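Participant: Structure in C-alpha cells, see below.
The values are calculated or read from the model by the stated rules, or taken from the named source; none is laboratory data. Predicted model only: the values in this text are computed from it and were never measured. Virtual Cβ from ideal backbone geometry, glycine too; neighbours counted across all protein chains shown. Ligands, DNA and RNA are stripped out before the accessible areas are found, and what is left, the full protein with its side chains, is counted by its heavy atoms. Shrake-Rupley method; radii C 1.70, N 1.55, O 1.52, S 1.80 Å.
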Amino acid sequence: MYRQAKHDDMLIFERAGESDFCFLTNDVEEDLVPEGMARKGLCLPIVPEREVVKHYTNLSQKNFGVDNGLYPLGSCTMKYNPKYADLISSMPSVGSVHPYQDPETCQGSLRLLYELEEALCAISDMDAVTLQPAAGAQGEFTGMLIAKAFHRKNGEERTEVVIPDTAHGTNPASAAMAGFNVIEVPSNGDGFVDMDALKAALSDRTAAFMITNPNTLGIFEPQIEEIAKAVHDVGALLYYDGANFNAIMGHTSPGKMDFDIVHFNLHKTFATPHGGGGPGAGPVGVCKRLEPFLPIPRIVRKEGSFDLDYERPDSIGKVRSFHGNFAVLVRAYAYILRNGSDGLMEVSQKAVLNSNYLKRRLEGTFDIPFGAIRKHEFVLSAKRLGEKNVRALDVAKRLLDHGFMSPTIYFPMLVDEAMMIEPTETESKETLDEFADAMIRIATEDDPEDIRSAPHSTSVGRIDELFAAKELVLSWRIYQRKKDRF
Ligand SMILES: *Cc1c(COP(=O)(O)O)cnc(C)c1O
C-alpha cells in the first residue's frame, strides 16, 4: 500500500474552499412535497475534474476489498465476483423490468427465476426452492417459520430448536425471532456433535435441529445419518445452514443427507456481492412435504408460459417484497450456468484443497485444535502468542501491513483466540504462500509492540470502535457539527 499526500485526506467540501460552491435551487412546486420535507436547495462544491477524479480514486483505495487481494474471512466466504455476472445483471432488460409488470410481459425474467430455482434444487437435491429471502439469516428465519407452520398444521405446538455450539450466531437468533426456545448441544473432542448430548436434548418439544455441515470448524460431520435419524425419530425437522455449501457441491448434498430445509447464501457459494448488509440472497429449499408452506407468490409453469401463484392457503406469506434481489439472482444464475455441474464440483475441490494447503503451512507455527481433515476453512488458535502478550486481534491488524485482509477472529467460540481462515478456490498457490509467510513472520516477529500497535501502513490505524459506534459521523454536515470533539 502506498501513502497518500496529506492534501488527499481532505473532504471534497474542504477542497472546494469557502466560496467555491454552487447552489442549486429546488424547482419542484412546493405544495407537491409534504411540509418540512422539501429541500431548500442543494449546495455542491466546485472542484476541477482532475481533483474530483483524484479524490474519489484515492477514497476507493482506503478500504480493503475482494478485488484488492486475499480476503480470507472464514464463514463469510468472501468470494471473488466474476465480472461477466456484473455485466449480465447490468443489461437494460434486467434493470428495466418492474415487479408489478403483468407476468405475460416479463416471461424471460420469470423463466430465469424458475430455472434458478430448478438449478438450486438439482444442486441440493431438495424438491422446491423460494428465492425470496434477502440473506442467509432471513432464509433461516423463513425456514423456522416453515417449521412452525408445518408442526401447527399437524396439530403440534413444538417450542424448541436445538443447535450445536459451533453454530453461527444467526441460527439461535433466527430461531428465537420465530418464537422458539433455543437449546445448545456441545461438541465432543473431535469437533463433532456430541451424540449423547443431542439425543438427550431431542424430544417431542423439538421443532427442528439446525446444523451446518461441514461445521464452522471446517469439519464434515461424519455422524450426519445418525443425526438425521435421531431428529426424525422425535418428529422434528432437520435444517441445513448452507453457508458452507461451497465445500460440498457435486460431492454430496443436503437432500442426500436427509435434510428437510436448507438455505443457500448466494453471496457465499455462487459469487454474488455481499454488499453492506445486503443486497444479498438467501434462497430456501425444502423437501416435498414442506412445499405448501413456502412464501408466496410461487412461480409456476403452465403450458409453456410462466405465471405467479398466490393461491396457497398453507403458505407462511411473504418474507420480503416481490421475488428477492433480482439483479443478484441474475448473477448467481449466470455463475451456475457458466460453471455447469463439473465446474461447481471443481470449485468445491479447489476450495477444500486451498484450505488444507494453508492449514499444513501454518500448523507448525500455530495450534490447530481437532485432528480431522478440513473442508473449505479451518480454525487455528493464536493462543501461543499470548506469551508475548499478543492476541488474535493484533495478528489480524498486523496482516493489513502485509497487504492481507484479516481472517474471521474469535469465532467459533469453542477455540481460544480463534482465527478462522477461508481462502476460497480463486486464490493461486503464490497468494496462499505469501499469506502463510506473512502469518509465520508475524508469529516470529522480534518486537511484539510492532504487532500490538499495527496496522502502520493503512490510512487509519486502530479505530476506537466504541467511540466510532457512539459518535456516528455519516455526513459532512454531522462532521461540521462534531469536529471539535475529535
Ligand atoms: C454467513 C453465515 C450465516 C448468515 O448468512 P448471511 O447471508 O450473512 O445472513 C449463517 N450461518 C453461517 C454458518 C454463516 O457463515
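Participant: Filter region 385-408 for residues that are surrounded by fewer than 20 Cβ atoms within 10 Å (Cβ to Cβ) and without any contact (Cβ under 8 Å) to a residue 24 or more places away in the chain and give the result.
Facilitator: Within region 385-408, 387, 393 meet the criteria.
Participant: Ok, one more. Tell me yes or no: at least one residue of region 437-445 is of a type in the set (Asp, Glu) and modelled with pLDDT under 95. Walk me through it before giving the result.
Facilitator: So in region 437-445, the residues of a type in the set (Asp, Glu) come out as 437, 445.
Now narrow it down to the ones that are modelled with pLDDT under 95: none.
No - not one qualifying residue is present in region 437-445.
Participant: Quick check on region 51-65. Is at least one of its residues under 18 Å from the mean Cα position of the chain (by Cα) and surrounded by fewer than 20 Cβ atoms within 10 Å (Cβ to Cβ)? Reasoning before the result, please.
Facilitator: Of all residues in region 51-65, those under 18 Å from the mean Cα position of the chain (by Cα) come to 64-65.
So of that shortlist, the ones also surrounded by fewer than 20 Cβ atoms within 10 Å (Cβ to Cβ) come out as 64-65.
Yes, there is a match, as at least one residue in region 51-65 is under 18 Å from the mean Cα position of the chain (by Cα) and surrounded by fewer than 20 Cβ atoms within 10 Å (Cβ to Cβ).
Participant: Which one of these does residue 127 not meet: (1) open to solvent by 30 Å² or more (accessible area, probe 1.4 Å); (2) within 16 Å of the ligand (Cβ to nearest atom)?
Facilitator: For residue 127, the exception is condition (2).
Participant: Quick test of your reading of the structure: residue 119 fulfils all but one of (1) open to solvent by less than 30 Å² (accessible area, probe 1.4 Å); (2) within 16 Å of the ligand (Cβ to nearest atom). Name the failing condition by number.
Facilitator: Condition not satisfied by residue 119: (2).
Let's see how each residue does on (1) within 22 Å of residue 143 (Cβ to Cβ); (2) away from the ligand (no atom under 16 Å from the Cβ); (3) of a type in the set (A, V, I, L, M); (4) without any contact (Cβ under 8 Å) to a residue 12 or more places away in the chain:
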residue	(1), (2), (3), (4)
266	yes, no, yes, no
282	yes, no, no, no
323	yes, yes, no, no
355	no, no, no, no
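Participant: Would you point out which residue out of 89, 93 is in contact (Cβ under 8 Å) with a residue 40 or more places away in the chain and either under 30 Å from residue 347 (Cβ atoms) or open to solvent by less than 50 Å² (accessible area, probe 1.4 Å) (or both)? Steps first, answer last, please.
Facilitator: On the way: 93 fails: in contact (Cβ under 8 Å) with a residue 40 or more places away in the chain.
None of the other options fit; the residue is 89.
Participant: Within the set of pairs 6 or more residues apart or between chains, which connect a residue that is in the same structural domain as residue 130 (by TED's automatic domain parsing) inside region 141-156 to a residue that is open to solvent by 50 Å² or more (accessible area, probe 1.4 Å) and at pLDDT 95 or above with Cβ atoms less than 6 Å apart?
Facilitator: Listed by first residue and then by second, the contacts come to 141/177.
Participant: Quick test of your reading of the structure: residue 290 fulfils all but one of (1) modelled with pLDDT of 95 or more; (2) more than 14 Å from the ligand (Cβ to nearest atom); (3) within 24 Å of the chain's Cα centre (by Cα); (4) part of a helix (DSSP H, G or I). Name the failing condition by number.
Facilitator: With (1) modelled with pLDDT of 95 or more; (2) more than 14 Å from the ligand (Cβ to nearest atom); (3) within 24 Å of the chain's Cα centre (by Cα); (4) part of a helix (DSSP H, G or I) applied to residue 290, the lone miss is (3).
Participant: Take the residues in region 360-384 that are part of a loop (DSSP other than H, G, I, E, B) and of a type in the set (Asp, Glu), then tell me which one is least open to solvent (accessible area, probe 1.4 Å). If you could, list the steps in order and put the result at the bottom.
Facilitator: Going through region 360-384, the residues part of a loop (DSSP other than H, G, I, E, B) turn out to be 363-366, 368-377, 382.
Narrowing the set further to residues that are of a type in the set (Asp, Glu) leaves 363, 377.
On the way: 363: 72, 377: 0 Å².
That would be 377.
Participant: Give me the pairs, please: first residue somewhere in region 27-45 and over 30 Å from residue 14 (Cβ atoms), second residue anywhere and at pLDDT 75 or above, beta-carbon distance under 7 Å, and either six or more positions apart or on two chains.
Facilitator: 30/38
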